[in-house]
Amino acid sequence: MNPAAAANQKEEFKLKDTKPQLGERWPHGGTRGGGGWISSERATSTYDLVEQMFYLYVRVVKAKDLPTNPVTGTIDPYVEVKLGNYKGKTQHFEKKPNPEWHQVFAFSKEKIQSSILEVFVRDREMVGRDDYIGRVIFDMNEVPTRVPPDSPLAPQWYRLEDRRGESKVRGEVMLAVWMGTQADEAFPDAWHTDASSVQGEGVFNIRSKVYVSPKLWYLRVNVIEAQDVEPHDKSQLPQAFVKAQVGNQILKTKVCPQKTLNPMWNEDLIFVAAEPFEEQLYLTVENKVTSAKDEVMGRIILPLHIFERRLDHRAVHSKWFNLEKFGFGALEGDKRHELKFSSRVHLRVCLEGAYHVLDESTMYISDQRPTARQLWKNPIGILEVGILSAQGLQPMKNKEGKGSTDAYCVAKYGQKWVRTRTIIESLNPKWNEQYTWEVYDPCTVITLGVFDNNHLGGSGGKNDSRIGKVRIRLSTLETDKIYTHSYPLLVLQPSGLKKMGELQLAVRFTCLSLANMIYLYSHPLLPKMHYLHPFTVNQLDSLRYQAMNIVAVRLGRAEPPLRKEVVEYMLDVDSHMWSMRRSKANFFRIVSLFSGVIAMSKWLGEVCQWKNPITTILVHVLFFILICYPELILPTMFLYMFLIGVWNYRYRPRHPPHMDTKLSWAEVAHPDELDEEFDTFPTSKAQDVIRMRYDRLRSVAGRIQTVVGDMATQGERFLALLSWRDPRATSLFVLFCLVAAVALYVTPFKIMALVAGLYWLRHPRFRSKLPSVPSNFFRRLPSRADSML
């Protein structure tokens, strides 16, 4: 790639400023006349962060006195609304002369090519053309404009006309026709011209919807002990363990080390459960007969709603539960289902309300409130997002020989998910939908993803395709400021980095209480129970995966469903998978962290080498001042940081952060590394490819192993100073410590610091290129590397 093309590509991957016409702008209409615009400056408007889109609305309510077919004596009526080349139809009713539809049609003003709106009433026929019953015609110039917050326009009865419009025919239809915007309450459930090609059940999959994540709880099952467990082979004592299951989650305690009829475990098993509680706690006490065979000695099934909901760290009461035991074998006959209550288990079970159930990575957390609503604080702000449009989307599928995309956008913040309507067959869709969230913590992230809808034909077997994702951290936004930017939609594919288009957003973060927001910065990010009784890293990973699955299943049961592949992409379910590219990126992130320290050490090296004598003399002067007045050291450091912060304010970031291709190491990733990143788990590649990747991983791990070994060696040499492993070195060091103690006691500290500083800043003429005496001494110390096999 030539330099000009590379520079142009880098510009394509950057955030762009946009200047959309936000807010409400209404044309003068009605009897007032005039040709100007009324610009609305109301800050309280529901739709002040999106561009206004005008629609012609037609509400079809019902019909009456429709004539029946003279042949069949019945009528199967439906209404067809026609505006230019666009037609919308209601459902038909069989044998109903007085049908009721209550359906709204919305025609985009941009696509209106006719000055006449026609509403037909027809009789559906099984064979041949549908019979014409009558029609109503509206002149587009006479349609009234409804300006919110006006009440909805009242529908009226209209007499039907014949084909030529010369005379009235039998039958009336109740209609309301008006010009409005996407702020109209009829908009979300209306039939749109954008979806004119969608048929059947696919209509439900294109509408905009708001979803709420299920309320998630951690279920803590403390298995204490069991009494009088009875194995099948009564000649041997059982080696018992407990297996607990909630839904698809299965956990086991450790096997009791002693063979006994009264085993003890005292182990915590943690599950994720969602309200309403559909699953039950299924608990079995089992005997480890052999390494490959377990036998059930008793079981119990408990509904989750019976357990106490804990709001703090205080212990809940434990309870004994009788185990159900079933006989086995055909000889027992009717005793097979006889309940025996000889065995029982001691449990302490509670639903944890003081934890936040993590269903997303803590790096991109959007909510940190505990499960129990009683523990929630007041919101500190309001987040408003206008999802305006997308530009230059890539074709995701072929329809009739040409590429097309049916795009919709999903936004997730806290427990609220929103989904825009699907714009059919458009590479530049315009949604102009605005949504609002309450903010409880500014250090949170909103995630927006764009997807291609593959379920417009009804059932649809394919998954919805990912187009791209955007994350915005609220703490990086200034309050009460509208950010209008075009975010690049970047997707990493096995073939490399690809820009799928741009997403245009308008974002505003409004602060409700500055004092509460500042107060939050001194508080932990998660509820206090996460720190008082923390989970292990493995537990958190497992619980997050289970929580994500539960959220995906519950949202997939909504109508229209928010599908599993969408939820997984939004929640970064695969972020923990191995990636050579991501490992390199994280390594260079660490290197960049130390770049300031490295630059500072280089500068000090230049000062010590007298590269710039004036700078070195000034450093000497500063050093003398700090030696004479050591109480100025800390104030000088903090004042210096204050001045740096004030100076950097001029160069503060003006844009929200976005996906950085250079930081992610995405532009220069090797194709084989990307192929490995997108491999399934477990792998599905050929054996020679796996061998090559394994060898590459071994070489990388070998370098890491060497670095870790070197770090261990330096630490062991430090410990060897006083360990007498090298008796001569330790003797020398001990004598040096004695002399240093006496010298430091006798000599004032300022004199010692002054001498050490002057020695360190000495002129290169008094320096040697050989390593220093302390360095030589330290490198000669022994380490435990000699004892390694």
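The values are calculated or read from the model by the stated rules, or taken from the named source; none is laboratory data. For clarity, every value in this text was computed on a predicted model and none was experimentally measured. Cβ placement follows ideal geometry from the backbone for every residue including glycine, while neighbour counts extend to all protein chains displayed. Please note that ligands, DNA and RNA were not included when accessible areas were found on the heavy atoms of the full protein model with its side chains. Shrake-Rupley method; radii C 1.70, N 1.55, O 1.52, S 1.80 Å.
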Q) How would you rank 309-319, 414-424, highest first, on the average number of other Cβ atoms within 10 Å across their residues? A) 414-424, 309-319
**Q.** In range of the label at Lys16: residues from the range 414-429 whose backbone nitrogen is under 17 Å from the point 7 Å along Cα→Cβ
**A.** 427-429
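In square nanometres, what is the average projected area of the Cα convex hull of the range 54-196?
On the way: hull surface 35.1 nm².
Averaging across all directions leaves 8.8 nm² for the Cα convex hull.
Give the carbon-plus-sulfur fraction of the accessible surface of the chain in %, rounded to a whole number; probe 1.4 Å, heavy atoms of protein chains only.
Values: 25890 of 45450 Å².
Using a 1.4 Å probe with all protein chains present, the chain comes out at 57 percent carbon and sulfur.
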(Q) Taking the Cα centroid of the range 384-408 and of the range 212-234, what is the distance between the two, rounded to the nearest whole Å? (A) 49
Q.
Using helices alone, I'd like the mean residue ellipticity at 222 nm for the chain: each DSSP H run of four-plus residues gives -39500 (n - 2.57), total over residue count, nearest 500.
A. -7500 deg cm²/dmol
Q. Given the Cα-Cα distance of Lys499 and Leu261 and 0.36 nm per residue of separation, how much length would full extension add, in nm?
A. 79.2 nm
Q: Using a Förster distance of 60 angstrom, determine the FRET efficiency expected from the C-beta separation of Lys462 and Ala785, and round it to 0.05.
A: 0.60
Q) Applying 1/(1 + (r/R0)^6) with R0 = 56 Å to the Cβ-Cβ distance of Phe736 and Lys293, what FRET efficiency is obtained, to the nearest 0.05? A) 0.25
Q | Relative contact order %, the range 54-196, counting alpha carbon pairs below 8 Å whose residues are six or more apart | A | 31
Q. Cα centroid distance between the range 96-174 and the range 678-742, in Å?
A. 81
Q. Hey, what angle do you get for helix 537-556 against the long axis of the chain, alpha-carbon based, 0 to 90 degrees rounded to 10?
A. 0
Q. Calculated from the structure, Rg and Dmax of the Cα atoms in Å equals which of (1) 35.1, 113; (2) 26.3, 84; (3) 36.4, 124?
A. (3)
Q. Under a point spin-label approximation (7 Å from Cα along Cα-to-Cβ), what is the Met692-Glu118 distance to one decimal in nm?
A. 6.5
Q: Could you calculate the contour length gain from Cys443 to Gln156, that is, 0.36 nm times the residue separation minus the distance between their Cα atoms, to one decimal place in nm?
A: 98.1 nm
Q. Among 586-596, 281-291, 510-520, 462-472, what's the highest-first ranking by average C-beta atoms within 10 angstrom per residue?
A. 462-472, 281-291, 510-520, 586-596
Q. In degrees from 0 to 90, rounded to the nearest 10, what is the angle of the helix 580-593 Cα long axis to the longest principal axis of the chain?
A. 60
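Accessible area per residue, 1.4 Å probe, Å², for the chain: what's the number?
Values: 45450 Å² over 789 residues.
Ligands and nucleic acids excluded, the figure is 58 Å² per residue.
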Q. If you average the sequence gap of Cα pairs under 8 Å that are 6 or more apart and divide by the length of the chain, what percent do you get for the contact order?
A. 10
Q) According to a simple spin-label model (label point 7 Å from Cα along Cα-to-Cβ), what is the distance in nm between Lys111 and Leu744? A) 8.1
Q | Contact order normalised by residue count of the range 603-787, Cα under 8 Å, 6+ apart, percent | A | 36
Q) In degrees from 0 to 90, rounded to the nearest 10, what is the angle of the helix 749-760 Cα long axis to the longest principal axis of the chain? A) 80
Q | Length released on extending from Val597 to Asp574, taking residue separation times 0.36 nm less the Cα-Cα span | A | 4.9 nm
Q: Provide the packing ranking of 356-369, 734-747, i.e. peptides ordered by the mean count of other C-beta atoms within 10 Å per residue, highest first.
A: 356-369, 734-747
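How much FRET efficiency would the formula 1/(1 + (r/R0)^6) give for Ser513 and Met363, where r is the Cβ-Cβ distance and R0 is 25 Å, rounded to 0.05?
Values: r = 26 Å, r/R0 = 1.06.
Working from the Cβ atoms, E equals 0.40.
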